[in-house]
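The values are calculated or read from the model by the stated rules, or taken from the named source; none is laboratory data. None of these values were measured; they are calculated from a predicted model. Ideal geometry is used to build each Cβ from the backbone, glycine not excepted, and the neighbour counts take in all protein chains shown. Just the protein is used for accessible areas: all its heavy atoms, side chains included, with ligands, DNA and RNA removed. Shrake-Rupley method; radii C 1.70, N 1.55, O 1.52, S 1.80 Å.
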Amino acid sequence: MKRMTVFLLTGLFCVLLLVGCTQKPAPALPEADYPMELIFSSGAGAWRTILTLNEDGSFAGQFSDANMGETGKNHPNGTVYLCSFTGRFSVSEKLDIHSYPLTLEEVTPDRPGDEEWIEDGILYVYAGPYGLYNDSIDGQMSRSFVLYTPDTPNAGLDETLLSWWPSRFEESPPKTLNCYALWNADAGTAFFTYPQTMN
């Protein structure tokens, strides 16, 4: 009886060991120093969206767009559009060694949209988190994103993504991104780490 019990326990242990060895680890973001600050900006004009990404896929961010020439009787000093928000991405199996697909599960502004107030002669208008929504579909939340690592070759990347790339203005741009890029595949917008924010 003791032999049978030992045999059964040994068999059960082996089965559990094999099951544990064959289980795949959960998809995760690339190894990096988090939180990671990514910026969506054209490089021209006084607007940008900053997104601070955490290792677990959660994030917080701010959008601001100052238009000092957009004045009115009650706001002679211009107009500022702004938004603060939080949200969360889920991570899927990576496409290759450079590409990490993400799904935007939720994004929550800290105030309701279209809220306005005047302060110091400036009209403040609460807007949406620019860069995270697909404005071509009535401002619906985008779902499909990809996080690219700095060693991603530029060859083969979407031309629209590269049109937002900070190094596009360089006389001899690098052959790789040389920074992290968060690509909004639904809307055609992209966030990047900049030299001063790269770890």
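Quick notes on this one:
- Single match in 155, 181 (criterion: open to solvent by less than 70 Å² (accessible area, probe 1.4 Å) and either aliphatic (A, V, I, L, M) or without any contact (Cβ under 8 Å) to a residue 24 or more places away in the chain (or both)): 181
For (1) within 26 Å of residue 90 (Cβ to Cβ); (2) of a type in the set (A, V, I, L, M), each residue gets a yes or a no:
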{"site": "122", "(1), (2)": "no, yes"}
{"site": "127", "(1), (2)": "yes, yes"}
{"site": "158", "(1), (2)": "yes, no"}
{"site": "161", "(1), (2)": "yes, yes"}
{"site": "164", "(1), (2)": "yes, no"}
{"site": "174", "(1), (2)": "no, no"}
{"site": "188", "(1), (2)": "yes, no"}
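- Boolean, residue 147 is touching a residue at least 40 places away in the same chain (Cβ under 8 Å), open to solvent by less than 40 Å² (accessible area, probe 1.4 Å), in contact with a Lys or Arg (Cβ under 7 Å, 6 or more places away or on another chain) and among the aliphatic types (A, V, I, L, M): no
- Filtered residues of region 31-55 (kept if acidic (Asp, Glu), touching a residue at least 12 places away in the same chain (Cβ under 8 Å) and under 25 Å from residue 185 (Cβ atoms)): 37, 55
- Within region 163-172, the set of residues being in contact with a Leu (Cβ under 9 Å, 6 or more places away or on another chain) and either within 16 Å of residue 151 (Cβ to Cβ) or among the aromatic types (Phe, Trp, Tyr) (or both) comprises 165, 167.
- Considering the conditions (1) crowded, with 19+ Cβ neighbours inside 10 Å; (2) farther than 22 Å from residue 52 by Cα; (3) at pLDDT below 90, residue 123 is excluded by exactly one of them, (3).
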